[in-house]
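Encoded as structure tokens, the structure appears first; notes follow it.
Where a number appears in this text, it was derived from the coordinates with a stated rule and is not lab data. Every value quoted in this text rests on a predicted model; they were computed, and no experiment measured them. As a convention, Cβ positions derive from the backbone with ideal geometry for all residues, glycine included, and neighbour counts pool all protein chains shown.
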Amino acid sequence: MNILVTGGAGYIGSHTCIELLQAGYNVVVIDNLYNSSSQSLKHVEKITGKKITFYELDIRDKKALNKVFEENCFDGVIHFAGLKAVGESVKKPMEYYNVNVYGSFILAELMKKFGCKTLVFSSSATVYGEPNVIPIKEDFPLSPKNPYGRSKLMVETYLRDIFLENESWHIGILRYFNPAGAHESGLIGEDPNGIPNNLLPYISQVAVGKFDKLKIFGDDYKTHDGTGVRDYIHVVDLAKGHLMALEALSKKSQILTLNLGSGRGQSVIDMVKAFEKASSKKIPYEIVNRRLGDIPASYTDTTFAEKILGWKPKYDENKICEDAWRWQQNNPSGYE
Ligand code: NAD
Ligand code: UDP
């Protein structure tokens, strides 16, 4: 079975390539390396002992992508390629809609042209906006609060309409919560450009000495310790979820929408403590103002994903921090 992985050199994509290769799939990656390095794919090959076919191209380059479809016969596509920084999306909405929405249009058009109708799409818990209640279920109202989230919701809507028109598609929409951690080999992990926006990479870089301290964005939320609560899901668990989604989709034509998260809410302070335990390092921090647009708490109800896929995350916050720390220690400058 041949799988096209768009954005496969990135953080979640590279971990998913490992799971695919280890399960016996052939993997073709397309990525323009805007936010990644082809080194990640070399490391995936080292971990698995298997080869990846890699095309460096922009998903919006229809001619180049058409050629990839001509040269390969795909049984399915996992679509990670996109831009993902919430704050940046407010400043560069055109780029976000162009890459995330237009890029997905091009991909789906070529899939239709070449008769490949199995697609797993990376959506985000951001589509829920600020939920009225937690844990979050898949049928909760959708109300994204920024261009990034809205671009994801647009693609979801587009995919639903494609399916309504032709029910022979097999479409999985996966809404991730907070992916974190790294492969336990220490060979691949998250390698953000510049100053990390996300909590775990920031803590890791404090631990390795790149920053003096963590700034905690607010301690006056109505949560168990006042700091923001999120659902941190180990990236390897998430990657396995993609494989299980592909397998579930192969059984019948359908459109599936699933939340993928750990089902547990952890505060910023909880994660600091878990990281200190994993690294035996003190993580200095100061409390600063709330970050604009942040919500107090978000975590998922895992019941539906478990029922539909038989998927249950295996790793907890301690394992997330142990693996993130191993990756950070082995690669203080990422893939450079
Ligand atoms: P990432 O940036 O590490 O991976 C995305 C990959 O897409 C990168 O390798 C990048 O170079 C590539 N890419 C970007 N624009 C492209 C283009 N125009 N053409 C071809 N390739 C392009 O991000 P990630 O964390 O691995 O996220 C993967 C997907 O999951 C994204 O769609 C993201 O929106 C979604 N997601 C991520 C998170 C998260 O917190 N990491 C949460 C929810 C959803
Ligand atoms: N956070 C923080 N300091 C940082 C980065 C994040 O206090 O440098 C907090 C943030 O306010 C939120 C949680 O950590 O409560 C997770 O933030 P992240 O950006 O990783 O995920 P998201 O908010 O997009 O779910």
Report the full-extension gain for the segment Leu33 to Ile195: residue separation times 0.36 nm, less the Cα-Cα distance, to one decimal in nm.
56.5 nm
If I model a spin label as a point 7 Å beyond the Cα along the Cα-Cβ vector, how far apart are those points for Tyr102 and Phe211 in nm?
3.3 nm
Against the longest principal axis of the chain, how steep is helix 268-279, in degrees 0 to 90 to the nearest 10, with axes from Cα atoms?
90 degrees
Report, by chain and number, residues whose modeled amide H sits under 5 Å from the one on Ile287, excluding near sequence neighbours (fewer than 5 apart, same chain).
Ile216
Please report how many Lys pairs in the range 1-112 have alpha carbons closer than 24 angstrom, counting only residues at least 8 apart along the chain or sitting on separate chains.
12
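Of all beta bridges DSSP finds with both residues in the chain, what is the antiparallel percent, to the nearest 5?
Percent antiparallel among DSSP bridges in the chain is about 5.
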Pulled fully out, how much extra length does the chain show between His224 and Lys251, if you take 0.36 nm times their separation in residues and subtract their Cα-Cα distance?
5.5 nm
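What shape does the chain have by the C-alpha gyration tensor, where a ≥ b ≥ c are the square roots of the eigenvalues, rounded means a/c under 1.5, and otherwise prolate means a/b greater than b/c and oblate the rest? Each step should come with its number before you reach the end.
On the way: a/c = 1.67, a/b = 1.35, b/c = 1.23.
The shape class here is prolate.
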Write down the percent of antiparallel bridges among all DSSP beta bridges whose residues are both part of the range 116-274, to the nearest 5.
10 percent
Amide H to amide H, which residues 5 or more places from Gln254 or on other chains are under 5 Å from it, using H placed in the peptide plane?
His170, Ile171
So for each of 24-32, 195-203, 86-94, 221-229 I average, over its residues, the number of other beta carbons within 10 Å; can you give me the resulting order with the highest mean first?
24-32, 195-203, 221-229, 86-94
At R0 = 30 Å the Cβ-Cβ FRET efficiency linking Glu71 and Ser333, nearest 0.05, sits at 0.30
The set of residues whose placed amide H lies less than 5 Å from the amide H of Val229, leaving out same-chain residues fewer than 5 positions away, is Ala297, Ser298
Explain nothing, just the number: dipole magnitude of the range 188-336 about its Cα centre with +1 on each Lys and Arg Cβ and -1 on each Asp and Glu Cβ, in debye rounded to the nearest 20.
240 debye
Sum up the charges of everything whose Cβ sits under 14 Å from the Cβ of Leu110, counting Lys and Arg as +1 and Asp and Glu as -1, but leave Leu110 out.
+2
If every Lys and Arg gets +1 and every Asp and Glu gets -1 at its Cβ, then about the Cα centre the range 120-177 yields a dipole, in debye to the nearest 20, of 280 debye
Could you tally up the Lys pairs in the range 169-293 with alpha carbons closer than 28 Å? Skip any pair fewer than 8 positions apart unless they're on separate chains.
22
Expressed in nanometres to one decimal, the distance between label points 7 Å along Cα→Cβ at Lys281 and Lys112 is 5.0 nm
Loop-resident sites, the range 107-149, for trypsin sites (Lys or Arg not before Pro), counting at most 10 other Cβ within 10 Å (DSSP)
none
The helix 317-330 Cα axis meets the longest alpha-carbon principal axis of the chain at an angle in degrees, between 0 and 90 and rounded to 10, of 80 degrees
So which aspartates and glutamates can Lys319 reach, going by Cα to Cα under 16 Å and dropping same-chain residues fewer than 8 places off?
Glu184, Glu190, Asp231, Asp237, Asp270, Glu276
Under Karplus coefficients 6.51, -1.76 and 1.60, residue-wise ³J(HN,Hα) of the range 197-203 in Hz, glycine/proline x:
7, 8, 4, 4, x, 5, 4
